[in-house]
1. Work the Kirkwood hydrodynamic radius out for the chain: mean of 1/r over every pair of different alpha-carbon atoms, inverted, in Å.
2. Which lysines, if any, have their Cα less than 18 Å from the Cα of Lys240, not counting same-chain residues under 8 positions apart?
3. Relative to the longest principal axis of the C-alpha atoms of the chain, give the angle of the C-alpha long axis of helix 3-12, reported between 0 and 90° and rounded to the nearest 10°.
4. Give the calculated FRET efficiency between Lys129 and Thr53 to the nearest 0.05, with a Förster radius of 41 Å applied to their Cβ-Cβ distance.
5. By how many nm would the segment from Leu108 to Arg192 lengthen if fully extended, with 0.36 nm per residue of separation less the alpha-carbon distance?
6. For segment 69-156, what is the relative contact order in percent, using Cα pairs closer than 8 Å and at least 6 residues apart in sequence?
7. Once phi is turned into ³J(HN,Hα) by the Karplus curve 6.51 cos²θ - 1.76 cosθ + 1.60 with θ = phi - 60°, what whole-Hz value does each residue of segment 20-30 show in order, with x for glycine and proline?
8. List the pairs from Lys29/Lys171; Lys58/Lys338; Lys58/Lys264 whose alpha-carbon separation is above 20 Å, in the order I gave them.
Amino acid sequence: MQIEQFLREVTFLLGLSGNEQEAARYVAKAFEPLCDEVHMTPLNSVVGYKKGTGNGPKVMFAAHIDEIGLNVTKIEEDGSLRMGSIGGVDPRILPGMRVRVHGRETLLGVVGAKPPHILTEEERKKNYKRDDLAVDLGMPAKKVKELVQVGDLIQLEHRFVELKNGRFTTKTADDRACVAILYEAMKLLQGRTHEADLFFVATSQEEIGANGAMTAAFAVDPDFGVALDVCHASTPDAPKEATSDLVGLDSAIGPFIQPVLRKKLMDVAAKENVVVQSSVSPGRTGTDADVMGITRAGIPMVLLSLPLKYMHTTVELFDMRTLEEGGRLIAAFSCAVKNTWEDELWT
């Protein structure tokens, strides 16, 4: 399967944090022809295992499969639905959005708000809050209550759009674009040898605390780990120190990153002519790397990020060439890992 098709399909599927089953089953099926073993964990993470030559360490690559979204907190008398947040959903992006409500049936709705014409002067000075918004399904309240109940999931609108110059925009690129990097790496590893036992993990519940990465890392017990996530790409109004160029992966530097392991990743990138930028994470990275690094007795970690514009919206934008280069780098790094690395990390 081509990477664009994989992305188009996987970003559409339901996979809100804690309810990743549908997306996880798709990823497991895609991983199966490329791995020796594939299984889903009790928390809906997908683990693909590729056996090494038998002498190498265990390496775990992690990219999260879950997405942000909403759920139903109240059904109003007119059938409108009030919303709660699953993960970090900015209410400012919601007015006018189409959504899918997953009740007894999957229902298409729109997020409405009080029109500006009838706002008070004080209301006009403020941004919308989630309590100011409601989902309208366009049906009588009695029918809504037959099909929808409090707690039902609300998925944000999906539009997978190809722009110019290899740029794509979609919801859920955070972080299924990095799951696609793992998929691309596994494709490139077909027919190649590697000493290390490789574990490609599409983790669950990252947006609500990286629970899937923690439990999967505990089970795999790897010698090293590589977390893949997105970072903020440059836009005209964003601070330069907080963003990276869209063309080129990013490798973090900071206390949660093992410096020797990072140097080895950067050496492989240089050898393979893969552009990798550097950024500083002075504390926690806010990714799976944080919890993986302190699982069991501790796992040496590096973080590789795909620059992404407009994070946590339905128009997250990335460069396909940069994504493909990520797959090439992960494949090359997998083949470069040696059984001597563990001793080298502390010298």
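Only the coordinates and a few stated rules stand behind these numbers; no lab work does. Here the structure is a predicted model, which means the values were calculated and not measured. All Cβ positions, glycine included, derive from the backbone under ideal geometry; neighbour counts span all protein chains shown.
1. On the way: mean 1/r = 0.0477 Å⁻¹.
About 21.0 Å for the chain.
2. Result set, ordered by chain and number: Lys309.
3. That helix lies at roughly 40 degrees to the long axis.
4. Values: r = 57 Å, r/R0 = 1.38.
Once the sixth-power term is evaluated, E becomes 0.10.
5. Full-extension gain reported as 25.7 nm.
6. Values: 164 pairs, mean separation 39.1, N = 88.
It rounds to 44 percent for segment 69-156.
7. Using θ = phi - 60°, the values come out as 8, 3, 5, 5, 5, 4, 4, 5, 4, 5, 5 Hz.
8. Lys29/Lys171
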